[in-house]
C-alpha cells in the first residue's frame, strides 16, 4: 500500500485538487437553472473535476518523464 501511494502520489494530489476544484466550481459558479448536465448537481461537477485533475496529472507526469529521459536522468518510478 505504501509503495502504491508513493508511486502514485502525484496523481492522487492532482485528483484531489481536481475534486476540490470541481466542487468549488459548482458552489460558486454552477448552473442555477438545473439544465446543465455537468454543473447542475454537486457530485457530477466534483467527479468531472477529479477526472480532469487526474488527466492533467497524468499528462504532466508523462512530460516530466520524457524530459528526464531526454536529459539522461534516471526516473526511479518507471518499471
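Annotations for the structure displayed:
- Among the candidates 45, 15, residue that is in contact (Cβ under 8 Å) with a residue 24 or more places away in the chain, surrounded by 15 or more Cβ atoms within 10 Å (Cβ to Cβ) and in contact with a helix residue (DSSP H, G or I) (Cβ under 8 Å, 6 or more places away or on another chain): 15
Let's see how each residue does on (1) over 16 Å from the mean Cα position of the chain (by Cα); (2) within 20 Å of residue 5 (Cβ to Cβ); (3) modelled with pLDDT of 85 or more; (4) not in a loop (DSSP other than H, G, I, E, B):
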site	(1), (2), (3), (4)
16	no, yes, yes, yes
23	no, no, yes, yes
31	yes, no, no, no
45	no, no, yes, yes
56	no, yes, yes, yes
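- Conditions (1) surrounded by 12 or more Cβ atoms within 10 Å (Cβ to Cβ); (2) touching a residue at least 12 places away in the same chain (Cβ under 8 Å): number failed by residue 27: (1)
The values are calculated or read from the model by the stated rules, or taken from the named source; none is laboratory data. A quick note: this is a predicted structure, and the numbers were derived from the prediction, not measured. In this analysis, Cβ positions are derived from the backbone assuming ideal geometry, glycine residues included, and neighbour counts consider all displayed protein chains.
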